[in-house]
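J.: Sharing a structure below in structure tokens format, with a few things to ask.
The values are calculated or read from the model by the stated rules, or taken from the named source; none is laboratory data. All of these numbers come straight from a predicted model, not from anything done at the bench. Note that we place each Cβ from the backbone using ideal geometry, even for glycine, and neighbour counts take in every protein chain shown.
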Amino acid sequence: MSTHFEKVQIKEVHRETDDCVSILLDIPDNLKDKFSYLPGQHITLRTKINDEDIRRSYSLCSSPLHNEWRIAVKKVDGGIFSMFANHTLQQGDEIELMPPLGHFVLQHTNDAKHYVCIAAGSGITPVLSIIKTGLANQPQSQFTLIYANRTRQSIIFKEEIEALKNKYTTRLQVVHILSREHTEAPLNEGRIDAAKCEQIFKRIASLEADDFFICGPEEMTLAVKNWLQSKHIEDKKIHFELFNTENTNKAKKKTNIIAGNNDEVSHVTINLDGRSFDFDLPFNYASILDAALHQGADLPYACKGGVCTTCKAKLLEGKVEMDVNYGLEPDEVAEGFILTCQSHPRTKKLVVDFDVK
Ligand code: FES
């Protein structure tokens, strides 16, 4: 994984709804290979706002088939970057980017597949990339999109989704669910939870689908995932991504510093870019990432919430405990990969390598 940021320009800032803009990134020709992506992946941004180093990761909503890199940023109460993107960022501004990452992806196939996608709010961004790409390059495949928003007005990419529906009439089915607006059918009202899943899958979507893609706030995402598991859908068919709100980060930052018995201390060695450095870290204190940043290390990270995997590294020696892990696949964990923003030492010596792919 490349941990280095590249400076790129903003090509366009486009207002999508009252509280959401999409941002087209101008990736120069010499970086296009490095920034190539699969539909559903996300990208990490870095900028300075009021002298503060701000990093965020956002899913690409564009399709790689169109040689385009676009993200959407919805305003979050008190969100430093989302406010900046919605009110200040302009065409021609520069921003730093890390190459795309993530496992929430649509794999290419020539087989006829049926995909069910369930998104809420800005959770539509990776799902839109998946649907656009799959409709274009999997001509035998079908998509069902269940998309939850507060009102009709707040539906992000409403026109684009309508246009896809019109273009692929027999291969894309879209069902909107609104939480703060009355609709003619009760099915289209409310929130997506287990009870709503029962209705949706009884009347519209099929549990026989080949893959399920879920993206939205934690509560909805986990409710749908758990419901699908309760219906005996195999884990390998359930793909989910939590969208990463700035509020989640704040909550996580607080819990990263755990009070308690700090008698036990681990000697931590970090390998990065072919060099290494060491420091001591109590078992129940800051995460490995926070402690290393405090030492002045320039380590990769974005969400600090266990979601984006930007801080992924391989544990070469010792044991850690992760607070949460929403980003690593079970086989990566089995291979020894960890999210350093979530990891606390559980042995007296740790060797953590950011260079291993
Ligand atoms: S920084 Fe996002 S998972 Fe660690």
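So that you can scan it fast, the table gives a plain yes or no per residue for (1) at pLDDT 95 or above; (2) closer than 14 Å to residue 131 by Cα; (3) not assigned by TED's automatic domain parsing to the domain that holds residue 76:
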| position | (1), (2), (3) |
| --- | --- |
| 164 | yes, yes, yes |
| 177 | yes, no, yes |
| 183 | no, no, yes |
| 223 | yes, no, yes |
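J.: Exactly one of (1) under 24 Å from residue 326 (Cβ atoms); (2) in contact with a Pro (Cβ under 8 Å, 6 or more places away or on another chain) is unmet by residue 118. Its number?
T.: Every listed condition holds for residue 118 apart from (2).
J.: Moving to a separate point now. Looking only at region 49-65, count every residue that is more than 27 Å from residue 130 (Cα to Cα) and either touching a residue at least 40 places away in the same chain (Cβ under 8 Å) or within 14 Å of the chain's Cα centre (by Cα) (or both) and tell me the total. Show your work before the answer.
T.: Let us first name the residues in region 49-65 that are more than 27 Å from residue 130 (Cα to Cα), namely 49-54.
Narrowing the set further to residues that are either touching a residue at least 40 places away in the same chain (Cβ under 8 Å) or within 14 Å of the chain's Cα centre (by Cα) (or both) leaves none.
So the answer is 0.
J.: Take region 25-51 and flag every residue that is loosely packed, with under 13 Cβ neighbours inside 10 Å and under 29 Å from residue 214 (Cα atoms).
T.: 32, 33
J.: Only one residue in 208, 241 is buried (at least 19 other Cβ atoms within 10 Å of the Cβ), in contact with a His (Cβ under 9 Å, 6 or more places away or on another chain) and touching a residue at least 60 places away in the same chain (Cβ under 8 Å), so which one is that? Working first, answer last.
T.: Details: 208 fails: buried (at least 19 other Cβ atoms within 10 Å of the Cβ).
After applying the criteria, what remains is 241.
J.: Also, quick follow-up: Give, as residue ranges, the strands (runs of 3 or more DSSP E) completely inside region 265-357 that count at least 2 residues that are over 22 Å from the mean Cα position of the chain (by Cα), away from the ligand (no atom under 12 Å from the Cβ) and at pLDDT below 95. Don't jump to the end; show me each part of the working.
T.: Working: elements: 265-272, 275-282, 312-317, 320-322, 337-339, 343-345, 349-353.
It comes to 265-272, 275-282.
J.: Kindly indicate whether any position in region 58-79 is in contact with a strand residue (DSSP E or B) (Cβ under 8 Å, 6 or more places away or on another chain), modelled with pLDDT under 95, surrounded by fewer than 20 Cβ atoms within 10 Å (Cβ to Cβ) and within 26 Å of residue 293 (Cα to Cα).
T.: Among the residues of region 58-79, not one is in contact with a strand residue (DSSP E or B) (Cβ under 8 Å, 6 or more places away or on another chain), modelled with pLDDT under 95, surrounded by fewer than 20 Cβ atoms within 10 Å (Cβ to Cβ) and within 26 Å of residue 293 (Cα to Cα), which makes the answer no.
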